[in-house]
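Nothing in this text is a laboratory measurement; each read-out follows from the coordinates by a stated rule. Please read all numbers here as calculations on a predicted model, not as lab measurements. Cβ atoms come from the backbone with ideal geometry, glycine included; neighbour counts cover every protein chain shown.
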Amino acid sequence: MSSPRKLKLNVLRYDPRKEGDEPRMVTYELDEAPSMTIFIALNEIRRKQDSSLKFDFVCRAGICGSCGMVINGRPDLACRTLTSQFEDGEITLLPLPAFELIGDLSVDTGKFMRAMSERVESWIHDEEAERRELTVLEEPMDPDTADRIYELDRCIECGCCISACGTARMRPAFLGAAGFMRVARFEADPRDKRTAEGWYDLLGDDDGIFGCMSLMGCEDHCPKDLPHQNRIAYMRRKLVQSR
Amino acid sequence: MLRVPRGCCLQQEHIMSKVVDGEMPRLLRDEVKKSRWPARLDLAQSFSGLALGLFMWTHLILVSSILISKDAMMKLTYFMEASFLKPEEPGGYPLLVSATAIAVFLLFIAHAGLAMRKFPATWKQHRVFRAQMAMMKHSDTNQWYTQVVTGFIMFFLGSVHLYIMASQPDNIGPYASADRMWSGHMWPLYLVLLFAVELHGAIGMYRLAIKWGVFDGDDPRRTRRRLKTVKTLITVFFLALGLASFAAYVKIGIEHAPHAGERYQLGSEP
Ligand code: HEM
Ligand code: SF4
Ligand code: SF4
Ligand code: FES
């Protein structure tokens with residue numbers, strides 16, 4: 001067996017809460033292991049080299065959305081990115097821009113996503129619901145509809161689409177692609193009774209759907225491959241037709 | 001006079017119901033009910049861009065008639081002036097050219113005004129966008145910036161060209177146009193304008209298709225890949241056609257410089 005490859009990880013270190021701390025790049029070297037992900041590499045560094053390194057993870061399987069970071073220029077999930085894909089073994093890691101920095105590679109996507117959820121009123125709207133007879137079985141849903149909702153419900157709120165969006169970065173009030181996906185998810189749900197006009201009131205302006213400049217950063221960087229381009233275009237068509 | 005601080009009524013349902021029922025002044029109502037204007041402006045931006053894009057492609061194809069022959073270009077010019085309504089003499093109604101130029105100018109101004117809303121508005125926004133480009137190296141993001149830069153260039157150069165066409169509509173023809181290019185020193189402007197228009201137009205048309213999902217079909221991702229290829233091919237085709245036509249006019253302009261100002265006579269080509 002040949003000896004393992006050396007990896008070089010350049011990591012942005014900065015703790016905004018620490019008095020006098022300055023953003024700086026720190027390089028860590030380590031041996032690559034088979035099927036190593038960035039997440040494993042970072043843990044290795046934290047365990048053996050620098051216990052103060054901050055980064056987030058929970059599920060390690062691309063499900064929780066906590067480990068989003070900028071990997072060689074691309075917003076992506078650290079737990080799903082293999083180190084072997086980088087030919088020269090040099091990997092630069094930055095925290096996701098557009099979110100509040102907690103420290104090093106850890107950002108607060110939660111606050112953003114919470115505000116997004118509230119802004120698009122991310123729940124089923126149905127005035128009848130209050131009067132519904134709870135002992136009666138719900139109407140079965142057409143499987144294709146259920147699939148469509150599920151497809152859009154796969155968003156893990158990792159924030160990659162927001163960091164990859166030039167519009168969101170230039171204009172912090174912009175709802176962003178995760179918000180559009182959330183809207184698309186409820187719009188596809190026949191239990192949600194909101195009309196085109198209702199949606200227009202929520203996102204019919206330049207901070208909403210008409211602010212999107214079709215840069216496709218979201219479409220090209222969503223780790224869950226949500227249908228951004230197609231659904232944003234759909235909402236745009238729907239909203240220009242509403243009155 | 002009723003005074004309510006801006007925005008305060010948004011959370012107050014009882015005020016809102018009154019507003020919607022029309023008891024409140026207009027100012028307040030506008031604040032509560034979402035305006036239809038962002039939708040209209042977005043549509044108008046797209047339609048103006050589409051119309052300009054189609055016009056520019058047609059325009060370049062007409063201009064490139066010089067590659068066939070001087071006669072071909074002259075005949076086409078007369079045809080565009082509706083010479084068929086005036087069979088007894090060469091030429092038609094240059095006023096038609098003026099009218100077209102003015103119409104395109106108005107469209108151009110409308111489009112520039114609408115699209116300008118998307119320009120980075122502050123140095124900070126501009127810097128953030130540049131940083132984003134440097135970080136991501138993502139082609140659609142970079143191309144948007146190309147559109148902003150070429151659009152900005154066209155503000156000035158496009159206006160000059162359109163004004164000349166509107167004010168001197170009878171000054172078009174194999175010699176007249178070539179003299180303007182060479183003896184009139186307009187060639188640098190046309191060269192830059194050619195690149196600006198072709199890059200901006202092709203990117204814009206691609207973006208329109210993406211933005212409204214026009215050709216999405218059942219595989220939007222495949223469609224987008226194809227559209228990108230088509231966009232590149234179109235850009236290359238029109239740049240090549242434009243450069244060839246440009247070279248043809250400059251060549252004629254140089255040869256004709258001693259007689260600059262003289263008009264071309266149909267059939268005088270050897
Ligand atoms: C002063 C002249 C012009 C300026 C300042 C300008 C500026 C812009 C900008 C900044 C955009 C991007 C808008 C966005 O991302 O939402 C844009 C889009 C576009 N432009 Fe222009 N432009 C000009 C002239 C033209 C011309 C001459 C053409 C035709 C070749 C054209 C065709 C388009 C098209 C098709 C789009 C896409 C429209 C859309 O996204 O809704 N533009 N323009
Ligand atoms: S849409 Fe995709 S990129 Fe955006 S937050 Fe959801 S999973 Fe992440
Ligand atoms: S298409 Fe572009 S501008 Fe629109 S949300 Fe996605 S990345 Fe942002
Ligand atoms: S750790 Fe959960 S998505 Fe990466």
Worksheet, complete the sentence: Averaged over the residues of B:200-212, the number of partner chain Cβ atoms within 10 Å of each residue's own Cβ comes to 2
Discussion item. List the residues, sorted by chain then number, that are 5 or more residues from A:Phe86 or on another chain and whose placed amide H is less than 5 Å from its amide H.
Written reply: none
Worksheet item: Taking the highest mean first, how do the peptides A:30-37, B:179-186, A:76-83, B:120-127 order by number of other beta carbon atoms within 10 angstrom per residue?
Response: A:76-83, B:179-186, A:30-37, B:120-127
Item to complete: For the range A:87-96, take each phi angle, set θ = phi - 60°, evaluate the Karplus expression 6.51 cos²θ - 1.76 cosθ + 1.60, and give the result in whole Hz per residue in order, putting x for glycine and proline.
Response: 4, 8, x, 10, 10, 9, 10, 10, x, 4
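Show me the helices of chain B, taken as full DSSP H stretches, that run 30 Å or more along their long axis by Cα and average 0.0 or above in Kyte-Doolittle hydropathy. The partial results should precede the final answer.
Values: long enough: B:37-63 (38 Å, 1.00); B:94-115 (31 Å, 2.10); B:139-167 (40 Å, 0.59); B:187-212 (37 Å, 1.09); B:220-256 (52 Å, 0.34).
Taking the DSSP H segments of chain B (at least 30 Å long, mean hydropathy at least 0.0), we get B:37-63, B:94-115, B:139-167, B:187-212, B:220-256.
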Worksheet item: With each pseudo-label sitting 7 Å past Cα toward Cβ, what's the A:Leu82-B:Arg130 distance in nm, one decimal?
Response: 3.9
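Mind sorting A:Ser117, A:Ser214 by how few other Cβ atoms lie within 10 Å of their own Cβ, fewest first?
On the way: A:Ser117 15, A:Ser214 22.
Ranked by crowding around the Cβ, least crowded first: A:Ser117, A:Ser214.
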Worksheet item: Tell me, in nm to one decimal, what length is gained between A:Thr135 and A:Lys18 on full extension, where the rule is 0.36 nm per residue of separation less the Cα-Cα distance?
Response: 36.5 nm
Worksheet item: Cα-Cα over 24 Å: which of B:Lys124/B:Lys231; A:Lys111/A:Lys193; A:Lys238/B:Lys34; A:Lys18/A:Lys224; B:Lys137/B:Lys211?
Response: B:Lys124/B:Lys231; A:Lys111/A:Lys193; A:Lys18/A:Lys224
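Find me the longest stretch of chain B that has none of the exposed GluC sites (Glu not before Pro), where exposed means in a DSSP loop (not H, G, I, E or B) with at most 13 other Cβ atoms within 10 Å.
Working: sites that count: B:Glu23, B:Glu88, B:Glu262.
Result, exposed sites excluded: B:89-261.
Specify whether the C-alpha gyration tensor of the range A:162-243 places it in the rounded, prolate or oblate class, a ≥ b ≥ c being the square roots of the eigenvalues: rounded for a/c under 1.5, otherwise prolate if a/b is larger than b/c and oblate if not. Working shown, then result.
Values: a/c = 2.06, a/b = 1.39, b/c = 1.48.
Taking the square roots of the gyration eigenvalues as a ≥ b ≥ c, the range A:162-243 is oblate.
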Discussion item. Distance between the C-alpha centers of the range B:212-270 and the range A:136-196? Whole Å please.
Written reply: 42
Practice prompt. Would you mind giving the mean number of other chain beta-carbons within 10 Å of the Cβ of each residue in B:126-139, as a whole number?
Written response: 5
Item to complete: List B:Trp212, A:Trp123, A:Trp199 from most exposed to least, where exposure is judged by having the fewest other Cβ atoms within 10 Å.
Response: A:Trp123, B:Trp212, A:Trp199
Worksheet item: Which ordering of B:Thr232, B:Thr150, A:Thr109 is given by a fewest-first count of other beta-carbon atoms within 10 Å?
Response: B:Thr232, B:Thr150, A:Thr109
Worksheet, complete the sentence: So, with points 7 Å from each Cα along the Cβ direction, the A:Cys59-B:Tyr93 label distance in nm works out to 6.9
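Is the range B:105-240 rounded, prolate or oblate when judged by the Cα gyration tensor, a ≥ b ≥ c being the square roots of its eigenvalues, rounded requiring a/c under 1.5 and prolate requiring a/b larger than b/c?
Details: a/c = 2.16, a/b = 1.58, b/c = 1.37.
Prolate is the answer for the range B:105-240, as a/c is 1.5 or above and a/b outweighs b/c.
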